[in-house]
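Structure first, then comments.
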Amino acid sequence: MHVAGKRLCHLFIPFPARTQLRSKSSFNRFDESPRRHHFARLLVLDFEATCDSKRGTIRPQEIIEFPVLNVETNSFEIVGTFHRYVKPEIHPTLTPFCTSLTGIIQDMVEDEAPLKTVMEDFHKWLLSQDLFNKEFAFVTCGDWDLKELLPRQFLHTGQV
């Protein structure tokens, strides 16, 4: 999957592709029968954050890209996209390492809104997608985005 030219992590395989992945061992075979999903939607999220080449040299790290795909679980079709760049407030200048790692240049964040405004826009997007009337779950590459980065940034910006 791609958002604004960036590749997001492949976290699940759509149902039609599953039959191509059969293996000889029975425990790895995919069941082809239709399944009911607990969640109507999956929100695939992959933040990008300020960083430097030496671990721990930028504290706190700040979200600089906020991409979310709204995936319908019966068809695995993307039914909505939210994508915003975010202006970092504590460390407003991106390091060369950060640009090299993320592909995000200073001009992409320079005139963007801070996280507080982007979170307000994200809430409006969730409403526009009628997600508060559906069961949904966030899907990320590991727990860092939602367990570490977002809560820490809220603490530093007073958005707790």
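Quick note: the coordinates plus some simple rules give every number you see, no bench work behind them. What you are looking at is a predicted structure, and each value in this text was computed from that prediction instead of being measured. Cβ sites come from the backbone with ideal geometry, for glycine too, and all protein chains shown count toward neighbours.
Points worth noting:
- The slack in the chain from Glu120 to Phe132, taken as 0.36 nm per residue of separation less the alpha-carbon distance, amounts to 2.8 nm.
- Extension gain, Ile105 back to Ser75 (0.36 nm per residue minus Cα-Cα distance, nm): 7.3 nm
- For the stretch 44-102, the Cα-based Rg and Dmax, in that order, read 14.5, 43 Å.
- Under-5 Å amide H pairs with Ala49, H placed in peptide plane, nonlocal only: Ile64
- Charge tally around Asn70: other residues with Cβ under 12 Å, Lys/Arg +1 each, Asp/Glu -1 each, net -1.
- Projection of the Cα convex hull of the stretch 104-160, averaged over all directions and equal to a quarter of that hull's surface, yields 5.3 nm².
- Mean projection of the Cα convex hull over all viewing directions, computed for the stretch 56-142: 7.0 nm².
- Residues of type aspartates and glutamates that Lys134 reaches as a straight line, Cα spacing below 18 Å, ignoring anything fewer than 8 places off in the same chain: Glu72, Glu77
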